[in-house]
Every structure is written in C-alpha cells, then in structure tokens.
1. Considering B:137, B:110, which residue is of a type in the set (A, V, I, L, M, F, W, C) and within 27 Å of residue A:53 (Cα to Cα)?
2. Going residue by residue through the stretch B:299-308, is there one that turns out to be under 30 Å from residue B:147 (Cβ atoms) and of a type in the set (Gly, Ala, Ser)?
3. For the stretch A:19-60, enumerate the residues that are at positive phi and buried (at least 17 other Cβ atoms within 10 Å of the Cβ).
4. Could you tell me how many of the residues in the stretch B:163-198 are away from chain A (no Cβ under 14 Å), surrounded by fewer than 17 Cβ atoms within 10 Å (Cβ to Cβ) and within 16 Å of ligand 1 (Cβ to nearest atom)?
5. Just to confirm my filter: which helices (runs of 4 or more DSSP H) fall fully inside the stretch B:272-324 and include at least 2 residues that are in contact (Cβ under 8 Å) with a residue 60 or more places away in the chain?
6. So residue B:126 ticks every box in (1) away from ligand 2 (no atom under 16 Å from the Cβ); (2) more than 14 Å from chain A (Cβ to nearest Cβ); (3) in a helix (DSSP H, G or I); (4) of a type in the set (A, V, I, L, M) but one. Which box is left unticked?
7. Considering only residues that are part of a helix (DSSP H, G or I), away from ligand 2 (no atom under 13 Å from the Cβ) and surrounded by 24 or more Cβ atoms within 10 Å (Cβ to Cβ), look in the stretch B:134-162 and name the one that is farthest from the chain's Cα centre (by Cα).
8. Among the residues of the stretch B:163-189 satisfying the criterion of being in contact with a helix residue (DSSP H, G or I) (Cβ under 8 Å, 6 or more places away or on another chain) and of a type in the set (S, T, N, Q), which is nearest to ligand 2 (Cβ to nearest atom)?
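The values are calculated or read from the model by the stated rules, or taken from the named source; none is laboratory data. Since this is a predicted model, take the numbers as computed values, not measurements. As a convention, Cβ positions derive from the backbone with ideal geometry for all residues, glycine included, and neighbour counts pool all protein chains shown.
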Amino acid sequence: MSNDDVTPARPEWPLYEVFVRGKRGLNHVHVGSLHAPDGEMALHNARNLYTRRNEGVSIWVVLAENVTASSPDEKDPYFAPSGDKVYRHPTFYPIPEDVPHI
Amino acid sequence: MSTTAQEAPPGADEALQADFDAKIAANQRIEPRDWMPEAYRRSLVRQVSQHAHSEIIGMQPEGDWIATAPSLRRKAILLAKVQDEAGHGLYLYAAAETLGVDRADLTERLIGGRQKYSSIFNYPSLNYADVGVIGWLVDGAAICNQVPLCRTSFGPYARAMVRICKEESFHQRQGYELLMRMMEGTEGQRAMVQDAVDRWWWPSLMMFGPPDVDSPNTRRSMDWGIKIDTNDDLRQKFVDMTVPQAEKLGVTLPDPELAWNDERDHYDFGEPDWDELKQVISGNGPKNAERVERRRAAHENGAWVREAATAYAEKQRSAREVAV
Ligand SMILES: [Fe+2]
Ligand SMILES: [Fe+2]
C-alpha cells in the first residue's frame, strides 16, 4: 500500500485558526483556518476569505499551535463533572404550571 | 501510518472501530482529533482535495472572460464569482489539512498531474454566453452535488460545504439572469445561448461521475456518510430541476430522448457518452493540458509574492524585537 498522501507539514507559513464575531452581542465563532506569514497578514487574508459578504464585525486569528485542546480520549474525565451536576440546569427544578413568568 | 490516529494498546483497535461505527450510525460528525479508520481518512483526503482542485481550476474557463466582459456590471459580477471559487478552494484545502495533509503538497500533486479535478473544466469557454451557461448548468450541477454533502460525516468537510452552498446560489442565479437578458436580445444572441447550451449540456450531466454500475466505491462511501446520494440519483435530480428552467428560458436541451415519464415521476433522458468522460478524466479532454499548465504557471509566477510576504513578516518581527 502506498502511503503517499501522508506528508509532514513543511516549514512554510504557519496555520492560523480564524474566529469571527457575526454581529455585536455574539461570541466569536470558529469559522476555519488559513496559512499566513504573520498575524497581521492572517487577519487580512481572513477578511478576504471568510467575510466577503458582511459575515462579521470582528475577526480573531490565533496560531493553531497555540491552541490547547482536550483530547477526545479524555472526554470522560473532562466532561464527566458536568454530567452529574444536573442541578445546574433549570429543568432540574419542577415548578407548578400556574406560576407565571418563571 | 496516519498522522491523526491515536496510538492505541493492542486490542483497543476494535473498541476504537466500534466507537467510530457507532458515531456514524448515530449520524454524528467525525472530528479531526477523533480516531478514524485509515481507509476512511484516505478516501476523504482524495475526495476533499479533488473537490478543492476543482474549485481552483474552475476559475479558469470563466476567468478568461473577465477582461472582455460586456459591461462594468457584468465584470464586477464575474470577478466576484471567480473570487468566490478561489475561496471555495481554500475552505476545502483547509478541511483537507485537518486530515494531516499539506496544502502546498496538494498543489504540487495537482500541477504534477497526480491528482484529478472535475472533468467539466476541461471544456473550452468560447464566448460570453458560456459564462451564463456555466453559471446556470455547471454551478447548478455543483449545487445538486454539494447540498447533500452539507450532511457529510466529516465535520470540517460538512462545514466547508455549508459555507460554499450559501455562495453558490448567487453563482447560478447570475448565470441564469445573464441568459435571460441575452434571450431578450437579437436573433444572434439567442443563437449564441442555444449553442452554448448544446455544448455544455452533456458535459454537465457527466459532472456526476460514471453510472452507478461503474462506480464501485459508492457503497462504501455511502456507508461512511461521505457520499450521500448515488451518481445516477443526483443526475436525475439535476435533469428534473433543469428541464423547466430551460423551458422558461426558451432553449432546447440537446437530447431527443428527454421526456416526462408519468410512471416514474421523473424525466427520462438519454445516455451520456461515457467513453468521452473516460477520455476527459484520463487527461485527453480538449483543455486538460492547458488548465494544469496555467495553474502551474500561476503557482510558479506567484512564488515571489510568497517570498516577499515571508521576508516582510520577518522584518516586522525583528523590528518589534529591537523596539522591545
Ligand atoms: Fe464553487
Ligand atoms: Fe460556483
């Protein structure tokens, strides 16, 4: 079996992750990634690539290598603590139907 | 083997495979850091990079007409459309990179003739009516193909398709509108539209790939959720969508067998020339060599821009260090 579709990344422009705030009042949301020689040019390229139709009012670019992420294998220990804290959700509390506005 | 698969103790492979299968069965998305079977990853790399290459090469047939657009309005529209296609290519290269491949390497494979792109872009665009017909039929066929892929099982690919589909409807509508204007024009303009339709109709049907009987990987790709409909189903859907549009436009689709079938509730249509498709896919279409050569020239002529940007970034960095 040839393995020629696996190549090590070249020492070229680093990868940036791009986050766009769709409009005022919303969080920045991850929209994709791109390569650029530095942050300033990454921002410039992100504007042309991800916001050609007013998709955003603000852009963040973050070097992908600076993102620290939980690994899928760790999902149990990471997310379990919230699993057994059902009292954090409003639906945990039964309220009679005739109590208004709650 | 794979740059994304996690190291696993012996025997854990079955558990990982079972977990993967369960996610697919539950219609959940696979994300880049998840374990995935090597064959799934390789199929996706091939599919996504071919798709990316198609967007990039797809700029050429229309790009040829930007400089000679008949009005400033048409020029601005065509520029925006071709720029979108470049964007589509980049969304898809970014999705491919999450599978552990490198964009620069994919580009080299394209210009080295080692990876393919859609057969449709190996046909010539002869005049401005072709710009309209490409938007209507070629982008129309691309939409048929791409809308179901918004639900594909690999997260980054599905998300790229969502962005792309939002932009494609402008592409198809600008083409159809251009043709409507031409059909309101002179006899000569109407003849140009009909001629362009005659040339692009069959190649558009071939965009969906070979018939299902000759598409051995379809079943597996559908099981993996990286293909949603079969080639023949998509082709049928496209024909059904397009015939009423052609009638409204006042053009004739060049297929004497085209007829509504009440029993099937679909249009019947003739068989595309599959030998022609084979020829075009294997590099012998009218424009294959020219398209790849042009891409190579653009890549090589752009080298100084990439080098200048790198040098500029380096200079800025050292200036900042001095300032600190
Ligand atoms: Fe596109
Ligand atoms: Fe398009």
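1. After ruling out the rest, the residue left standing is B:137.
2. no
3. Correct list: A:32 only.
4. Total meeting the criteria: 1.
5. Per the criteria, B:274-279, B:288-301.
6. (3)
7. Among them, the one singled out is B:156.
8. B:172
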